[in-house]
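See below for the structure under consideration.
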Amino acid sequence: MDTPSQLAPDLGLLQILSEDGKLVDESLGLPSDEVLGRMHELMLRVRRLDERMMLRQRQGKIGFYGATTGQEATPVATVFATQPSDWIFPALRENAVMLGRGFPLEKWLAQVYGNSGDVLKGRQMPSHMSGREVNQVSWGSCLGPQLTQAVGAALGARLRGDDMVSVAFLGDGTTSEPDFHTAMNFAGVTRAPCVIVCQNNHWAISVPSEKQSASETFAIKARAYGMPGIRVDGNDVLAVHQVLAEAVARARRGEGPTLIEAVTYRIGAHSSSDDPTRYRSDDEVALWKTRDPLLRLERFLTARGLLDEAKGEALAEAIDAEISRAIAAVEGLEPPTRRSLFEDVYDALPWHLEEQCAESLALGDAPKEH
């Protein structure tokens, strides 16, 4: 029987770190110790942030949240496998890319709360963050449109002579949406400089992946569209980083798109609106917790002498303090101003909207204007 490493890239499972944090192949090139440390810090930051925000949702402070828990490896790897000029088209669990690219935590959290600190002015759902300053587009809860948008953006960049690569994300359930097939065909025919990443977390809310597709893997779907497909251990941040970096470089060289299937698992609920105990077993979750991407990386860093218990505790304390300060600052902000409802519609506000704005402000009970 073929082992995963002996199979075709779209049937096997590329792995650099075993589940106990040991190198599968000592000859493989690795990121620098500095980058490894930054990967760990970002992964831990996302984990602690998600824990806090799920608590805030349960306390009624925010309306909705979608945690990344168990799937941190892919967004973290993306930060280090792309250039800041590359555009990110996320799904629900890749918003950590913004933080890794330097988007301020308070501004990021303000988008969850939808208040006056939100660069989107409260117009988007929570967990649909975006920021032009870090080249990330907001995703839509109607699954799939971000894929065709990413292909189009990549083609637009090529027409301008820009070497930007777009990276688009989806879950396994989105492979059943028409937009997935349209985007794959569009990308394959035009050889668009893009990378399409499917985070196969085994559950499209309550639909298991084995009921989602009759294909042996999701990566193998790339064959029908004339592009490479690669299947990687999505809980191995080093393997995901390697695969993504190679796919991005390939696209930037003008060699066309790649489909990546990152095999991972959603440890928590699909979102704060979901109860996963209704459709999956505790034993299944317990098994995947042993494959935790954060613990795997920490074991590897500890064995290399880059992390110990004291360093880990100090880092966690510093991250918790940063999150607490940011939450306190953001929760003290007022809602978006009523005037903001009329902004960004036209370059210059026409007379009829000026009148409507004045009437709206005259109604009273509006947030203070600044």
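Quick note: the coordinates plus some simple rules give every number you see, no bench work behind them. Quantities reported herein were computed from a predicted structural model and do not represent experimental measurements. Methodologically, a virtual Cβ is constructed for each residue, glycine included, from the backbone with ideal geometry; neighbour enumeration extends over all protein chains shown.
Computed quantities for the displayed model
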| read-out | value |
| --- | --- |
| Size of electric dipole in the chain: Cβ of Lys, Arg +1 and of Asp, Glu -1, about Cα centre, debye, nearest 20 | 380 debye |
| Estimated FRET transfer efficiency (residue 210, residue 334; beta-carbon r; R0 41 Å; 0.05) | 0.25 |
| Ordering of 239-248, 219-228 by packing [mean C-beta count within 10 Å, highest first] | 239-248, 219-228 |
| Separation between Cα centres of segment 167-218 and segment 134-161, rounded to whole Å | 15 Å |
| At least 27 Å along the helix axis (C-alpha) and Kyte average at least -1.0, DSSP helices within the chain | 33-58, 309-331 |
| Net length gained if the chain between residue 286 and residue 41 were fully extended (0.36 nm per residue, minus Cα distance) | 85.8 nm |
| Label-zone membership for segment 19-49, site residue 311, 7 angstrom Cα→C-beta point, backbone N under 13 Å | 33-41 |
| For residue 261, distant residues with modelled amide H under 5 Å away | 198, 230, 231, 232 |
| Fully extended contour minus Cα-Cα distance, from residue 7 to residue 190, at 0.36 nm per residue | 63.1 nm |
| Value at 222 nm in deg cm²/dmol, rounded to 500, when DSSP H runs of n ≥ 4 in the chain each add -39,500 (n - 2.57) | -13000 deg cm²/dmol |
